[in-house]
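Below: one structure, written as structure tokens.
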Amino acid sequence: MRNITGTPVEGQDFFGRSEEAAQFLDLLHENANILLTAPRRVGKTSFVLEICRRWEEEGHKATLLDIEDCADELAFAERLLSSLEQSGVGRGLLDTIAKGLRRIRKALGRVKLGAAGVNADLGDDSQETVASVIENLLAKVERGEQKLLIAIDELPEMLLHLAQAPDGQARVSLFLHFLRRLRQSYRDKVRWIFLGSIGLDHFVEERGLAKTINDLTVETLGVFPREEAEAFLEKLAEGYGMHWVDDADSYLIEKLGWPLPHHLQLVFHTVRSAMRSTDQAEIDRERVDQAFEELLQPQRLGTFDTWRARLDEELGAEDAALAKRLLGILCRDPKGADRDSLLQGVAQAYPHTDPGELKDRVREALHLLVRDGYLIPAEGRHAFRSFLLREYWRRREGA
Ligand SMILES: Nc1ncnc2c1ncn2[C@@H]1O[C@H](COP(=O)(O)OP(=O)(O)OP(=O)(O)O)[C@@H](O)[C@H]1O
Ligand SMILES: [Mg+2]
């Protein structure tokens with residue numbers, strides 16, 4: 001097992017999650033389509049890659065596509081078709097895919113979709129639309145022998161871009177309705193998983209589109225349970241001829257507070273780099289302490305900056321500013337703070353906001369921060385979930 005810190009892990013590098021994977025496969029076999037919402041960096045993409053691998057092992061086909069950078073419905077269709085082409089779906093389908101791709105690629109950058117969005121004509125003589133190209137293909141899959149799993153990563157990110165285009169809101173609605181129609185029309189052979197770092201549920205609720213996804217089975221993914229985290233650290237060390245002494249592995253997990261697989265990998269990577277120049281194989285508590293210190297050095301803080309940047313992307317300027325204010329207060333104490341002190345703490349910055357309204361906004365911000373893994377609520381208080389993240393925040397704030 002290699003020590004990978006950042007990109008999704010696959011195959012030999014993927015650790016654990018056996019039970020969750022089996023449960024997901026059961027759901028898929030019961031014809032469920034899944035919405036996977038889980039905090040950032042928990043390992044969603046890696047997990048779904050593993051689901052795809054197991055699904056294929058059973059003799060079906062699967063494809064995972066990241067659509068974060070797809071600017072519009074045409075780009076989505078192009079990404080979907082080309083990823084299906086690469087995934088090697090049945091030979092009978094390749095022809096249909098190739099024809100569809102030619103049409104879509106010809107239209108890319110040339111056809112303005114406008115308010116018709118996914119139903120826009122492709123502008124050739126075929127009378128085809130973006131939607132019909134995809135539908136024709138899935139209709140064929142439905143008539144065939146093989147099951148197909150389509151996993152879509154970062155859909156809300158694409159929808160956020162789309163919402164900003166001319167007629168954006170209408171197009172988002174059309175697109176979500178279109179995806180729902182696909183799920184309902186081709187339900188025997190085509191299965192769907194939607195995953196991403198921004199909650200699709202929150203996105204659709206805000207826009208009154210919740211019913212477009214209410215057929216999805218909502219699942220989540222947690223960090224590694226303690227024993228799994230320990231076994232993971234052991235396996236990682238083993239891969240480099242190293243081992244933990246003096247319970248330094250449990251110590252590391254305690255120090256993290258929240259064993260996000262990504263953070264386990266990061267700390268181990270830092271330990272490993274420090275030990276590279278020595279011929280030692282034993283990792284003790286002191287090494288762990290040093291690795292935390294190293295990770296939190298000013299020049300390394302950038303590693304965690306995505307946790308700040310993503311608030312801006314997801315929440316928009318005003319709500320992001322409030323969320324950061326709350327985190328700025330909470331990072332000062334490992335035990336966090338109760339709602340009243342948080343309200344008091346932020347009130348100064350909002351002298352013209354009605355107290356009732358501010359209370360609602362704080363409640364909503366805390367809810368999102370809990371859902372995204374920043375905070376944990378307990379006994380009327382909120383606190384940073386990860387001690388590492390709290391310490392990062394404290395140092396960034398200069399608190
Ligand atoms: N099952 C696993 N085994 C080993 N490492 C893992 C596992 N899951 C996640 N990781 C670690 O976490 C990192 C992030 O994983 P991944 O990209 O799958 O998470 P994600 O939840 O999709 O993240 P994002 O929210 O940024 O999309 C990986 O680079 C790896 O270091
Ligand atoms: Mg991901």
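The values are calculated or read from the model by the stated rules, or taken from the named source; none is laboratory data. Note that the structure is predicted; figures quoted are calculated from it, not measured. As a convention, Cβ positions derive from the backbone with ideal geometry for all residues, glycine included, and neighbour counts pool all protein chains shown. When the accessible area is computed, the model is the full protein with side chains, heavy atoms only, and any ligands, DNA or RNA have been set aside. Shrake-Rupley method; radii C 1.70, N 1.55, O 1.52, S 1.80 Å.
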Across segment 378-392, the tally of residues that are hydrophobic (A, V, I, L, M, F, W, C), open to solvent by less than 60 Å² (accessible area, probe 1.4 Å) and within 14 Å of E293 (Cα to Cα) stands at 2
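The rows are residues; the columns are (1) farther than 26 Å from E205 by Cβ; (2) within 16 Å of ligand 2 (Cβ to nearest atom).
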{"site": "L256", "(1), (2)": "yes, no"}
{"site": "Q265", "(1), (2)": "yes, yes"}
{"site": "R272", "(1), (2)": "yes, no"}
{"site": "D279", "(1), (2)": "yes, no"}
{"site": "L295", "(1), (2)": "yes, no"}
{"site": "R300", "(1), (2)": "yes, no"}
{"site": "F304", "(1), (2)": "yes, no"}
{"site": "D312", "(1), (2)": "no, no"}
Look through segment 26-52, keep the residues that are in contact with a Phe, Trp or Tyr (Cβ under 8 Å, 6 or more places away or on another chain) and away from ligand 2 (no atom under 16 Å from the Cβ), and return whichever of them is farthest from R310 (Cα to Cα).
L28
Those residues of segment 209-227 that are farther than 30 Å from F175 by Cα and surrounded by fewer than 17 Cβ atoms within 10 Å (Cβ to Cβ) come to a total of 3
Of the residues L389, L366, which single one is hydrophobic (A, V, I, L, M, F, W, C) and out of contact with any Pro (no Cβ under 9 Å at 6 or more places or on another chain)?
L389
Can you name every residue in segment 81-93 that is within 26 Å of the chain's Cα centre (by Cα) and either part of a helix (DSSP H, G or I) or modelled with pLDDT of 90 or more (or both)?
L81, S82, S83, L84, E85, Q86
Take A62 and tell me if it is crowded, with 21+ Cβ neighbours inside 10 Å and either modelled with pLDDT under 95 or not assigned by TED's automatic domain parsing to the domain that holds I150 (or both).
no
Of all residues being surrounded by 20 or more Cβ atoms within 10 Å (Cβ to Cβ) and over 24 Å from Y186 (Cα atoms) in segment 94-143, which is nearest to the chain's Cα centre (by Cα)? Just the residue, please.
L113
Which is assigned to a helix (DSSP H, G or I), open to solvent by 20 Å² or more (accessible area, probe 1.4 Å) and touching a residue at least 40 places away in the same chain (Cβ under 8 Å), of E20, E78?
E20
Of everything in segment 178-203, what is β-branched (V, I, T) and either farther than 22 Å from A21 by Cβ or open to solvent by 30 Å² or more (accessible area, probe 1.4 Å) (or both)? Give them in sequence order.
I198
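Quick grid of which residues meet (1) assigned by TED's automatic domain parsing to the domain that holds H263; (2) surrounded by 16 or more Cβ atoms within 10 Å (Cβ to Cβ):
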position: D279; (1), (2): yes, no
position: D289; (1), (2): yes, no
position: R310; (1), (2): no, yes
position: E314; (1), (2): no, yes
position: C331; (1), (2): no, yes
position: G345; (1), (2): no, yes
position: A349; (1), (2): no, no
position: D354; (1), (2): no, no
position: L368; (1), (2): no, yes
Conditions: (1) in contact with a strand residue (DSSP E or B) (Cβ under 7 Å, 6 or more places away or on another chain); (2) modelled with pLDDT under 90; (3) more than 16 Å from ligand 1 (Cβ to nearest atom). E157 meets all but one. Number of the miss?
(3)
Within segment 1-16, residues open to solvent by less than 50 Å² (accessible area, probe 1.4 Å) and either more than 9 Å from ligand 1 (Cβ to nearest atom) or at pLDDT below 95 (or both) come out as M1, G6, G11, G16
Which condition breaks for E73 when tested against (1) under 29 Å from E313 (Cα atoms); (2) open to solvent by 30 Å² or more (accessible area, probe 1.4 Å); (3) of a type outside the set (V, I, T); (4) more than 10 Å from ligand 1 (Cβ to nearest atom)?
(2)
With in the same structural domain as R41 (by TED's automatic domain parsing), among the charged types (D, E, K, R) and either open to solvent by 30 Å² or more (accessible area, probe 1.4 Å) or touching a strand residue (DSSP E or B) at 6+ places or on another chain (Cβ under 9 Å) (or both) as the only criterion, which of E206, E230, E234 stands out?
E206
Would you check if there is a residue in segment 191-207 being more than 22 Å from H367 (Cβ to Cβ) and more than 16 Å from ligand 1 (Cβ to nearest atom)?
yes
